[in-house]
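Asks: Can you keep this structure in mind? I'll have questions shortly.
The values are calculated or read from the model by the stated rules, or taken from the named source; none is laboratory data. Note that the structure is a prediction, hence the values are computed from the model and not measured. Every residue, glycine as well, gets a Cβ built from its backbone with ideal geometry; the counts of neighbours run over all protein chains shown. Ligands, DNA and RNA are stripped out before the accessible areas are found, and what is left, the full protein with its side chains, is counted by its heavy atoms. Shrake-Rupley method; radii C 1.70, N 1.55, O 1.52, S 1.80 Å.
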Amino acid sequence: MRFYLAPLEGITTYVYRRALHRFFGPMDKYFIPFIVPHVKRSFNTREKNDLSPEHNEGMYAVPQILTCDGEDFVRTADAMAQMGYREINLNLGCPSKTVTSKGRGAGFLARPDELDQFLEYIFRHTDPSVRISVKTRTGTVSHEEFPRLLEIYNRYPLEELIVHPRVMQAFYKGSPDWDVFETAMEDSRNPVCYNGDIRTVGDWSRLTARFPAVDRVMMGRGVIADPFLTERLRGRLPGRAEETGGTEGTGRAEETGGAGRSLSREELDRLRAFHCQLVDDYSREMQEDNNVLFKMKEIWSYMAVLFPGGEKWMKKLRKCKRLSEYEICVEQLWEGAARG
């Protein structure tokens, strides 16, 4: 089974990927959050840091491009190829209005004829040594759009088709539609990867019971909430309480009630070392303490589900105005978790 880290804008940066790989890896692929091509300049500093081979050493990293312009894709893909990348992902799944209003991401799915022309162009002009994969939603307003989209995808030799079985307008609400995913499994001529709401061993068991042929899965919020998740799915660690995952929502602590079971001493030590690495690396990169504080609060809004009473603790954490206050608050969490 292959496990991939999904690209989450602002979270799965190179700092996060590198720390996750060190303490919980390896995953089979680490997808770099989308990069929007720019006509008048090359990659900015943030993008260069995220793409730097040095920052992705030891990982199979896959950059993702967000565009609906074929020339922009090819130009950006060529620049990535020069950096050594041999697989590039096309984002057709982002449901954000700031993205879809420009016809990008999942918004591109509303224009299937143009999408077909776009794919024909990039497969004809991109360096043939570069493999192209696609991450897609199953429509914009209805799953009935998906057969037409799949017909288009089947015309091209995709490295793989990563399917998130929600429509654009659903955003991340409700549950993924496994009936439409079954269509992808049955009718796709390209390898299919599942993406969507795998947060617990129970979620995984239900997916693989229905789709035993699934041999790859992309996980984002589930891994952010529980960095041990891949190890749990591989049977190396016991599963956790099913109530912390489910098949709906975002998996954040405030939405799951913060339910959790006590971590083992080994898990707690590893998670603490992971946390320290993140704080140290973000501090070096961002310099401003407030930026580091914001970043760590965002990560904890997912990860607090690992601790009993996580929701109550998050309310306290949100009140921290300085990094020094944050460090005291987190130290109290570690001490409480160590006492069990």
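Asks: Quick test of your reading of the structure: GLU285 fulfils all but one of (1) closer than 21 Å to ARG199 by Cβ; (2) open to solvent by 70 Å² or more (accessible area, probe 1.4 Å); (3) among the charged types (D, E, K, R). Name the failing condition by number.
Replies: (1)
Asks: From (1) part of a helix (DSSP H, G or I); (2) surrounded by fewer than 23 Cβ atoms within 10 Å (Cβ to Cβ), pick out the condition that doesn't hold for PRO95.
Replies: (1)
Asks: Pick out the one residue from PHE123, PHE171 that is of a type in the set (A, V, I, L, M, F, W, C) and on the phi > 0 side of the Ramachandran plot.
Replies: Answer to the check: PHE171.
Asks: Also, quick follow-up: Run down MET27, MET59 and say which single residue is over 14 Å from the mean Cα position of the chain (by Cα), within 29 Å of PHE211 (Cα to Cα) and not charged (D, E, K, R). Lay out the reasoning, then the answer.
Replies: Numbers: MET27 fails: over 14 Å from the mean Cα position of the chain (by Cα).
Among MET27, MET59, only MET59 is over 14 Å from the mean Cα position of the chain (by Cα), within 29 Å of PHE211 (Cα to Cα) and not charged (D, E, K, R).
Asks: When you look at PHE146, is it surrounded by 20 or more Cβ atoms within 10 Å (Cβ to Cβ), under 15 Å from ASP72 (Cβ atoms) and at pLDDT 95 or above, yes or no?
Replies: Criteria not met by PHE146.
Asks: Just the residues that are touching a helix residue (DSSP H, G or I) at 6+ places or on another chain (Cβ under 9 Å), open to solvent by 20 Å² or more (accessible area, probe 1.4 Å) and modelled with pLDDT of 95 or more, please, taken from the stretch 2-20.
Replies: Answer for the stretch 2-20, where residues must be touching a helix residue (DSSP H, G or I) at 6+ places or on another chain (Cβ under 9 Å), open to solvent by 20 Å² or more (accessible area, probe 1.4 Å) and modelled with pLDDT of 95 or more: THR13, TYR14, ARG18.
Asks: Still on this model: Against the condition within 28 Å of GLY25 (Cβ to Cβ), in contact (Cβ under 8 Å) with a residue 24 or more places away in the chain, of a type in the set (D, E, K, R) and assigned to a helix (DSSP H, G or I), how does ASP50 come out, does it pass? Give the derivation first.
Replies: On the way: within 28 Å of GLY25 (Cβ to Cβ): yes; in contact (Cβ under 8 Å) with a residue 24 or more places away in the chain: yes; of a type in the set (D, E, K, R): yes; assigned to a helix (DSSP H, G or I): yes.
Yes.
Asks: Taking the options LEU278, LEU333, name whichever one is modelled with pLDDT of 95 or more, open to solvent by less than 40 Å² (accessible area, probe 1.4 Å) and assigned to a helix (DSSP H, G or I).
Replies: On inspection, the qualifying residue turns out to be LEU278.
Asks: So, one more: Anything in the stretch 30-52 that is open to solvent by 30 Å² or more (accessible area, probe 1.4 Å) and either in contact with a Leu (Cβ under 7 Å, 6 or more places away or on another chain) or under 14 Å from VAL223 (Cβ atoms) (or both)? List them, or say none.
Replies: Looking only at the stretch 30-52, we keep the residues that are open to solvent by 30 Å² or more (accessible area, probe 1.4 Å), and these are 34, 36, 38-46, 48-49.
Those that are open to solvent by 30 Å² or more (accessible area, probe 1.4 Å) and either in contact with a Leu (Cβ under 7 Å, 6 or more places away or on another chain) or under 14 Å from VAL223 (Cβ atoms) (or both): PHE34, VAL36, PHE43.
Asks: Go through (1) touching a Gly at 6+ places or on another chain (Cβ under 8 Å); (2) among the basic types (Lys, Arg); (3) outside any helix (DSSP H, G or I) for LYS312 and report which single condition fails.
Replies: Tallying (1) touching a Gly at 6+ places or on another chain (Cβ under 8 Å); (2) among the basic types (Lys, Arg); (3) outside any helix (DSSP H, G or I), LYS312 fails exactly one: (3).
Asks: Evaluate the stretch 67-82: report whether one residue or more is of a type in the set (S, T, N, Q) and surrounded by fewer than 16 Cβ atoms within 10 Å (Cβ to Cβ).
Replies: Yes, the stretch 67-82 contains a residue that is of a type in the set (S, T, N, Q) and surrounded by fewer than 16 Cβ atoms within 10 Å (Cβ to Cβ).
Asks: Same structure, new question: Quick one: count up the residues across the stretch 62-92 that are over 26 Å from LEU20 (Cα atoms), hydroxyl-bearing (Ser, Thr, Tyr) and not in a helix (DSSP H, G or I).
Replies: Qualifying residue count for the region: 1.
Asks: Among the numbered criteria (1) part of a loop (DSSP other than H, G, I, E, B); (2) modelled with pLDDT of 95 or more, which single criterion is violated by SER133?
Replies: Single failed check for SER133: (1).
Asks: While we're on this one: So if I check each of PRO191, PRO212, PRO176, PRO227, which one is buried (at least 17 other Cβ atoms within 10 Å of the Cβ) and more than 23 Å from GLY25 (Cα to Cα)?
Replies: The match here is PRO176.
Asks: Can you tell me which of (1) touching a Cys at 6+ places or on another chain (Cβ under 7 Å); (2) free of Cβ contacts under 8 Å to residues at least 24 places away in the same chain is the one ARG216 doesn't meet?
Replies: (2)
Asks: Here's another thing I want to ask about it. Give the residue, chosen from MET27, MET59, that is open to solvent by less than 20 Å² (accessible area, probe 1.4 Å), at pLDDT 95 or above and in a loop (DSSP other than H, G, I, E, B).
Replies: Working: MET59 fails: open to solvent by less than 20 Å² (accessible area, probe 1.4 Å).
Matching residue, one of MET27, MET59: MET27.
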